[in-house]
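Take a look at the structure below.
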Amino acid sequence: MVTHSAEFYKKAPPQKGASSFVYPPTGDNMAFFAEALKAGCLVAIPTETVYGLAGLALDETASRSIFEVKGRPLMDPLILHVANPAMVEQLADIPAGFSRLTEAFWPGPLTIILPKKPIVPNLVTAGKPTVAVRMPRHPVAHALLELVGQPLAAPSANPFGYVSPSTAQHVTDSFGESVPFIIDGGACEIGLESTILDLSRPDFPEILRPGAISAEQVGEILGRPVQVRNKQLNLDQAATAPGTFSKHYSPKARLSLFGEDENPSPSDNQAVVYLQRPSSIDDKHAYWLSENGNMETIARSLFALLRQLDAMGYETIACQKPNPASGGLAHAVADRMQRAAAK
Ligand code: TXA
Ligand code: MG
């Protein structure tokens, strides 16, 4: 594949955005970014979950630069984003149940792992025989995928190990000029990464990462119970089972978690984060993820607040954890907090 990305990086997209590298999704800009992607450039794009750092999935040069820019180890495979379910046919073997799942949940926050076809570079899948695919529902991501007409690899647009971005500003805060093309699609609707379902062994469907779509919802469509993998692995072990790093999504500040009945003390060094606005605590170092405990609001606010508290220079963040047994989104929020707090 021929790449002329250097030429594109010298050009500015037609219409400027609010800050240096952030551009609005106007028709002219979208056409520019689609051409830039086709030439091998990377473009940060909004999705309904988090912002992604996108590049041509089947072009090894583009995919390699995704790993480089993120500082991501080559053993951690990328998710391929598609414009429609039919695009998956060239990438993977389609098992029973796949089309029922896509009818129920695509476009949307469900990533599905399938046996890969040879066209997908081993670099992208980190040498694994499987490939992760997802059709995002954010209108900007969807329109761009249609314009490009090819699958885009897109991990979350954060340096490896740091908190995922839920706004365009978060992307530029972390990367500066190393990601000069960012499309602004507003704050992400969900704010947590997609649910990852491993369907490569159709008789043993397994959730590898909880998200907005629950194991119960997936199980209902598949007509069988779906396991949730809860074993947390360290970096070495994760080489054989990526997507399950125990330490992930971490702010620079040390994070500790507390339950419903505990009461950590806010201080100059320690921010305390509650799930909902506390009625009895009035302290400038107390923060909350929602007014009234609404779990969708909590999920949407989590990464933005962790980034904000990091920027404010707190040494430690004590964060109230929802009960994962409440299921659904509470399980996904608790998972991200646990990973962020892992030593
Ligand atoms: O919501 C999302 O999924 C976002 C947006 C941008 O789409 N993307 C995202 O990508 O979170 P990333 O790369 O940050 O997380 C993808 C996870 C990684 O932990 C990776 O190890 C896992 O998916 N993964 C990818 N391919 C896999 C495979 N073949 N087998 C097991 N895990 C895989
Ligand atoms: Mg990520």
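Show W288, W106 ordered by accessible area, largest first, where the area counts protein heavy atoms only and the probe is 1.4 Å. Display every interim value, and only then the final one.
Values: W288 85, W106 20 Å².
So the residues, ranked largest to smallest area, are W288, W106.
Given springs between every Cα pair under 10 Å in a Gaussian network model of the chain, which of P139, P266, P118 has the largest fluctuation?
Most flexible of the set in this elastic network: P118.
Quick one: in the range 254-340, what % of C-alpha pairs are over 15 Å apart?
Pairs farther apart than 15 Å: 54 percent.
When DSSP assigns beta bridges and you keep just the ones with both residues in the range 6-228, what percent turn out antiparallel, to the nearest 5? It would help to have the intermediate numbers written out before the result.
Numbers: 16 of 28 bridges.
Percentage antiparallel, nearest 5: 55.
Taking K284 as the anchor, which aspartates and glutamates have their alpha carbon closer than 14 Å to its alpha carbon, excluding any fewer than eight residues away along the same chain?
Filter leaves D268.
What whole-number value in Å² describes the accessible area per residue of the chain for a 1.4 Å probe?
Numbers: 14370 Å² over 343 residues.
In whole numbers, the chain has 42 Å² accessible per residue.
With the cut-off at 1.5 for a/c, could you classify the chain from its C-alpha gyration tensor as rounded, prolate or oblate?
oblate
Can you give me the % of accessible surface on the chain that is carbon or sulfur? Probe 1.4 Å, all protein chains present, nothing else counted.
Here carbon and sulfur together make up 50 percent of the probe-accessible area.
What number, rounded to the nearest 500 deg cm²/dmol, is the helix-based mean residue ellipticity at 222 nm of the chain, given -39500 (n - 2.57) per DSSP H run of at least four residues and division by all its residues?
Mean residue ellipticity, 222 nm, calculated: -8000 deg cm²/dmol.
Given springs between every Cα pair under 10 Å in a Gaussian network model of the chain, which of R300, R224, R72 has the largest fluctuation?
R224
Are any of the pairs K252/K321; K10/K38; K38/K128 more than 21 Å apart by Cα-Cα distance, and if so, which?
Cα-Cα > 21 Å for K38/K128; rest within.
Cross-link partners among aspartates and glutamates for K70, C-alpha distance below 15 Å, same-chain residues fewer than 8 apart left out?
By straight Cα distance, K70 reaches D173, E177.
From the square roots a ≥ b ≥ c of the eigenvalues of the alpha-carbon gyration tensor of the range 148-190, which class results: rounded (a/c under 1.5), prolate (a/b over b/c), or oblate?
Rounded, since a/c falls under 1.5.
How much accessible surface does T26 have with a 1.4 Å probe, in Å² rounded to 10?
Number for this one is 30 Å².
Ignoring everything but the protein chains, give the 1.4 Å probe accessible area of T49 in square angstrom, nearest 10.
The accessible area of T49 comes to roughly 10 Å².
Tell me the label-point distance for the pair A96, T316, using the 7 Å Cα-to-Cβ offset, in nm and rounded to one decimal.
5.4
For a quick check, take a GNM of the chain with Cα springs below 10 Å and name the residue from A54, A311, A215 with the largest mean-square fluctuation.
Top of the fluctuation ranking is A311.
Pull up the cross-link candidates among the aspartates and glutamates for K116, meaning alpha carbon to alpha carbon under 12 Å and not fewer than 8 places away within one chain.
E89, D93
Within the range 49-179, what percent of beta bridges assigned by DSSP are antiparallel, to the nearest 5?
If we restrict to bridges inside the range 49-179, about 75 percent are antiparallel.
Would you please give the FRET efficiency between E296 and E146, computed as 1/(1 + (r/R0)^6) with r the Cβ-Cβ distance and R0 = 35 Å, to the nearest 0.05? Write down the numbers at each step before the final one.
Details: r = 28 Å, r/R0 = 0.80.
Rounded to the nearest 0.05, the efficiency is 0.80.
The values are calculated or read from the model by the stated rules, or taken from the named source; none is laboratory data. Treat the numbers as computed from the prediction; the structure is a model and nothing was measured. Glycine gets a Cβ as well: all are built from the backbone with ideal geometry, and neighbour counts include every protein chain shown. Note: accessible area is taken over every heavy atom of the protein model, side chains too, but ligands, DNA and RNA are not part of it. Shrake-Rupley method; radii C 1.70, N 1.55, O 1.52, S 1.80 Å.
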